[in-house]
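Undergrad: Starting off with a structure, shown below.
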Amino acid sequence: MRPRLALLALTLGTFAIGTTEFVVMGILPELAGDLDVSLSSAGSVVSAYAFGVVVGAPLLVAAFANVPRKRVLLTLLTVFVAGHVLLVVVDSYPWVLVLRFACGLPHGAYFGVASVVGAKLVPAHRQGRAIALVLLGLTVANIVGVPAGTAVGQRFGWRATFLLVAVIGALALAAVLRWVPAVGGADAPSNLRAELRAFKDPKVLLVIAVVTIGFSGLFSCFTYITPMMTEVAGYPAGAMTWLLAIFGAGFTVGNLLGGWLTDRAVLPTLYGFLTLLAAALFAFPFSADNKAAAAINLFLVGMSSFAAEPPVQKRLLDLAGSAPTLVSATNQSAFNTANALGALIGGQVIAAGYGLTSTNWAGGVLVLIGLALAVLSGLLDRSRRGAKPPAGV
């Protein structure tokens, strides 16, 4: 078994998924014009995908509970590729909505299963870094995949973008088939009853709440980052390409740093980066009117937010024990719920007349609530085990 190649195969899958999740924002005008719908209607294509993620993560994991995990990964990637191939040939807005929903269905389940498989490919003391490597595809997608897909769509049309994603997905499918081994017995299918039992643990529910509420603070900022950087910081619209690349670089650095620190101390890593994320959001209103300071703050928000993701995933794997797949996949549903919740709260704050930078104040408060829930989860460990730290901490 070559775990490095197996992990890279899993990462290629998350790269394909991360690209399609965010690339639509860059090709909305082309999609709206070709399908003859308004830009706001075209925006529903983004919502359709997110809804697919939220619905698909728990349902597909439950449906495949008795299926070996490698076969689950291959099935999910096959659905992903087929959905994007069909997007290339359809010519009506309703079908694009349906297919984007269908393309979102494998997202959460793939991340959940891939994280579990990736963790099982390495010794326990390296699982944080293995999870970070699997998640790395999502962060690199924001640096490479999304700009490339946007450029292709603007040059050759939005269908060409989805064809590119289909090709990447097909390469991931081939790589998983070739390099990802069976892990644990007969590829360790999960047990649905045991998977559901994990949700009886209040610490699991608290961690899911950390993601849903705490990470909504990130999206309260990120959703409105373009007008904030152009209207407040004074950057030209054309600068958003490299500003988003800075944000994506923060994601990548934070993901790798968070994975390395998670292998040393799970909960302190989570507490530390949630604290840093809250501080970076609270600082944004004071730095937003200075171009250099705003760019640095943008990097810090991206870095601290994704540095908190590996300890969240590792914490869930530790708490779920021998039945981690559904819990891990539900984390992705929570993350996409946070996306919608953060955008909604940020929009309400702006609509109330508090200004664009006020979304960061709201985001900072949400992150602090998430931090409090994370601390409560850790305190429950200690109350049940005396002064002995939980596993992985």
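The values are calculated or read from the model by the stated rules, or taken from the named source; none is laboratory data. Keep in mind that what you see is a predicted model, and the values were worked out from it rather than measured. All Cβ positions, even for glycine, are placed from backbone atoms using ideal geometry, and neighbour counts span all protein chains on display. Remember, those area values only see protein heavy atoms, side chains included, never the ligands or the DNA or RNA. Shrake-Rupley method; radii C 1.70, N 1.55, O 1.52, S 1.80 Å.
Undergrad: Go ahead and estimate [θ] at 222 nm for the chain from helices alone: -39,500 (n - 2.57) per DSSP H run with n ≥ 4, summed, over the residue count, rounded to 500.
TA: Computed ellipticity for the chain at 222 nm equals -26000 deg cm²/dmol.
Undergrad: May I ask you to order 363-372, 80-89 by the average number of other C-beta atoms within 10 Å around their residues, highest value first?
TA: Values: 363-372: 23.6, 80-89: 20.1.
With the highest mean Cβ count within 10 Å placed first, the list reads 363-372, 80-89.
Undergrad: Output the pairs from K120/K314; K120/K200; K203/K314 with a Cα-Cα distance over 20 Å in this structure; if there are none, say none.
TA: K120/K200
Undergrad: With a ≥ b ≥ c taken as the square roots of the eigenvalues of the C-alpha gyration tensor of the stretch 110-247, please select rounded if a/c is under 1.5 and otherwise prolate if a/b is larger than b/c or oblate if it is not?
TA: oblate
Undergrad: Here's something else I'd like to know. Most fluctuating residue of G128, G302, G321 in a GNM of the chain with Cα springs under 10 Å: which is it?
TA: Among G128, G302, G321, the largest GNM mean-square fluctuation belongs to G321.
Undergrad: Can you give the accessible area of Y93 in Å² (nearest 10), computed on protein heavy atoms with a 1.4 Å probe?
TA: Taking all protein chains as shown, Y93 has close to 50 Å².
Undergrad: Let's see if you can work this out: charge +1 on each Lys and Arg Cβ, -1 on each Asp and Glu Cβ, no other charges. What is the dipole magnitude of the chain about its Cα centre, in debye to the nearest 20?
TA: In total the dipole reaches around 1540 debye.
Undergrad: Show which aspartates and glutamates lie in cross-link reach of K70 when reach means a straight Cα distance below 15 angstrom and same-chain residues fewer than eight apart are skipped.
TA: D187
Undergrad: Estimate the FRET efficiency between L380 and D91 by the formula 1/(1 + (r/R0)^6), using the beta-carbon distance for r and 35 Å for R0, to the nearest 0.05.
TA: It comes to 0.05.
Undergrad: On to the next question. For the stretch 331-342, take each phi angle, set θ = phi - 60°, evaluate the Karplus expression 6.51 cos²θ - 1.76 cosθ + 1.60, and give the result in whole Hz per residue in order, putting x for glycine and proline.
TA: Computed from phi, the couplings for the stretch 331-342 are 4, 5, 4, 5, 5, 6, 5, 4, 4, 5, 5, x Hz.
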